[in-house]
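Shown next, in structure tokens, is the structure this report addresses.
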Amino acid sequence: MTRYDAIILGGGAAGLMCAAIAGQRGRRVLLLDHAGEVGKKILISGGGRCNFTNIHTAPDRYLSANPHFAKSALGRYTAQDFLALVERHGIAWHEKTLGQLFCDGSARQIVDMLLDECARGQVEIRTGRGVGAIDHADGRYRVGDAEAPALVIATGGPSIPKMGATGFAYDLARRFGLKVIEPRPALVPLTLPPDQALFRELSGVSTDVVARAGKAAFPEAALFTHRGLSGPAILQISSYWRHGEAIGIDFLPGRSPNWLIEAKRAAPRTTVRKCLAEALPARLAETLAEQIALPGDLTNLPDRKLQEAERRLAAWPFLPNGTEGFAKAEVTIGGISTAELSSQTMAARKVPGLYAIGEAVDVTGWLGGYNFQWAWASGWAAGQAL
């Protein structure tokens with residue numbers, strides 16, 4: 001039996017960060033991952049360029065049963081802290097829209113950076129084998145031929161199962177008596193029922209919209225698919241959507257009130273279809289015009305009808321019948337309850353030496369680098385405490 005100071009289960013973003021920090025603090029760390037290599041989700045992220053953080057990171061951009069839980073870790077290890085690490089390793093980067101930071105080159109650079117940081121901390125990494133039995137007795141955790149007084153759950157959630165993702169973290173947490181908030185897919189395309197098939201027939205059409213669910217609203221692109229709705233705005237709103245609820249789409253965001261009435265006065269012989277075609281992709285404009293069913297010149301249409309059309313276009317209701325599930329979800333909402341953990345250290349309150357970090361925990365960020373920043377911050381917090 002080989003003794004360590006900490007055993008970390010999971011070689012994703014949070015696990016690698018935690019291992020590197022703890023190792024560099026002089027702890028003897030063993031990191032285990034059942035995949036053949038570490039950082040597989042990092043490698044496919046951002047189209048292979050890794051959207052590694054977001055400069056607008058703030059606690060209000062995360063969903064959790066306790067919206068205050070993430071404040072401590074995010075406040076102590078910031079996007080600027082991770083960016084400084086990236087720059088120390090000479091990795092070129094660029095900012096895309098909405099504060100999203102990407103590698104100029106490959107996501108492999110981020111994995112190599114984390115492995116280099118782990119090597120500096122003399123972290124032992126084992127890949128390509130199952131964890132096997134986990135025992136806990138006499139204040140020590142035993143995993144295979146290794147034992148340690150600390151065990152870190154960093155195995156993520158069940159999103160993207162083709163990458164090997166499972167609900168292992170939740171099973172292990174429950175075994176130790178920790179409550180789990182029901183997990184569900186997040187940042188995931190929404191599916192539409194047969195009665196909205198005409199919109200599915202617009203597959204491939206994309207346009208800038210504002211998507212709304214409850215009090216949440218996201219101004220980005222929406223994409224029609226053969227199954228329903230996708231694109232950044234839809235992925236974002238999916239985290240807030242619940243089965244049985246409608247979402248609202250503003251197809252013409254930023255239009256002033258009475259814009260159709262103004263169009264009628266400026267060009268009385270034009271039509272609703274032409275007005276829409278000036279602002280939207282042709283196929284979408286045609287479909288919406290058919291649904292609004294106001295044929296003929298604007299001059300022959302009463303202002304009241306035009307105002308009704310404006311309101312409909314500003315909050316077009318869709319009633320999704322589901323999502324494309326964990327197979328297409330970028331992350332998971334829910335997970336190990338934050339009520340069970342210290343926001344300072346990520347340690348379980350009732351189980352000495354047990355920690356949970358990253359996506360395994362009930363903290364889920366917006367699209368655009370926020371979930372990686374949670375992984376870095378929560379991994380750093382646990383690494384400082386081990």
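The values are calculated or read from the model by the stated rules, or taken from the named source; none is laboratory data. What you are looking at is a predicted structure, and each value in this text was computed from that prediction instead of being measured. Every residue, glycine among them, receives a Cβ derived from its backbone with ideal geometry; neighbour counts consider all protein chains shown. Accessible surface is based on the protein model in full, side chains and every heavy atom, while ligands, DNA and RNA are left aside. Shrake-Rupley method; radii C 1.70, N 1.55, O 1.52, S 1.80 Å.
Summary of values
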read-out	value
Conditions (1) in contact with a Ser or Thr (Cβ under 9 Å, 6 or more places away or on another chain); (2) hydroxyl-bearing (Ser, Thr, Tyr); (3) not in a loop (DSSP other than H, G, I, E, B): number failed by SER203	(3)
Exclusive hit being over 25 Å from ILE160 (Cα atoms), in a helix (DSSP H, G or I) and modelled with pLDDT of 95 or more, set LEU276, LEU198, LEU235	LEU276
All positions within segment 165-193 that are open to solvent by less than 40 Å² (accessible area, probe 1.4 Å) and either touching a His at 6+ places or on another chain (Cβ under 6 Å) or closer than 22 Å to ALA382 by Cβ (or both)	ALA165, GLY167, ALA169, TYR170, LEU172, ALA173, PHE176, LEU178, VAL180, PRO183
Number of positions in segment 265-320 that are among the small types (Gly, Ala, Ser) and touching a residue at least 40 places away in the same chain (Cβ under 8 Å)	3
Tally of residues being surrounded by fewer than 24 Cβ atoms within 10 Å (Cβ to Cβ) and within 11 Å of the chain's Cα centre (by Cα) across segment 371-386	0
Those residues of segment 101-123 which are touching a Leu at 6+ places or on another chain (Cβ under 9 Å) and not in a helix (DSSP H, G or I), in sequence order	LEU101, SER106, ALA107, VAL123
Subset of segment 245-258 that is modelled with pLDDT under 95 and open to solvent by less than 70 Å² (accessible area, probe 1.4 Å) - its residue that is farthest from the chain's Cα centre (by Cα)	ASN258
Some residue of segment 288-308 being of a type in the set (Gly, Ala, Ser), open to solvent by 30 Å² or more (accessible area, probe 1.4 Å), out of contact with any Leu (no Cβ under 6 Å at 6 or more places or on another chain) and assigned to a loop (DSSP other than H, G, I, E, B)	yes
Close pairs from segment 129-154: first closer than 16 Å to GLY167 by Cα, partner assigned to a loop (DSSP other than H, G, I, E, B) and β-branched (Val, Ile, Thr), Cβ under 9 Å, at least 6 apart	VAL131/THR155; VAL152/ILE357; ILE153/ILE357; ALA154/ILE357
Cβ pairs under 6 Å, 6+ apart, first in segment 24-43 and under 24 Å from LEU386 (Cα atoms), second among the charged types (D, E, K, R) and in a strand (DSSP E or B)	LEU30/GLU124; LEU32/ARG126
The listed residue being hydroxyl-bearing (Ser, Thr, Tyr) and open to solvent by 30 Å² or more (accessible area, probe 1.4 Å), out of THR2, THR53	THR2
Breaking point among (1) open to solvent by 60 Å² or more (accessible area, probe 1.4 Å); (2) at positive phi; (3) within 19 Å of the chain's Cα centre (by Cα), for GLY39	(1)
Residue count, segment 194-224 (criterion: open to solvent by 20 Å² or more (accessible area, probe 1.4 Å) and either charged (D, E, K, R) or under 19 Å from LYS328 (Cα atoms) (or both))	12
